[in-house]
Amino acid sequence: MFATNDLIASSKGTPYFQPPEIHNENIEYFSGSKFDIWSSGCTLFNMITGKLAFQADSPREALDNILNKNVEYPKEILEEKTLLDLLNSN
């Protein structure tokens, strides 16, 4: 029922909150906890700003933005070092 390690092979949910590695055809398994951390960061960004971290008009565009663009932080976040550090932590 439960895996003996952290690796998962699929996920559910919106692409707007999914990490890039789950869309890489060369990666069969990926870290479930790292997935959770990524999606939690996207959720925190959304809660703070009211926007998506990788703004897009469609799930396909969201994936393209996740793979190819950096997050653009609003001025208020850039001025709040502690919050910026939290959002950028690995």
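Only the coordinates and a few stated rules stand behind these numbers; no lab work does. None of the values given here were measured: they were computed from a predicted structure. Every residue, glycine among them, receives a Cβ derived from its backbone with ideal geometry; neighbour counts consider all protein chains shown.
Below are the figures for this structure:
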| item | result |
| --- | --- |
| Members of segment 1-54 found to be outside any loop (DSSP other than H, G, I, E, B) and basic (Lys, Arg), listed by number | Lys34 |
| Candidate set from segment 8-43 (those that are of a type in the set (Gly, Ala, Ser) and surrounded by 13 or more Cβ atoms within 10 Å (Cβ to Cβ)); member that is nearest to Ala62 (Cα to Cα) | Ser39 |
| Residue list for segment 17-52, filter: touching a Phe, Trp or Tyr at 6+ places or on another chain (Cβ under 7 Å) and under 21 Å from Leu84 (Cβ atoms) | Pro19, Ser39, Cys42, Thr43, Leu52 |
| Set Leu87, Leu44, Leu67, Leu52: member being within 11 Å of the chain's Cα centre (by Cα) and farther than 15 Å from Tyr16 by Cα | Leu87 |
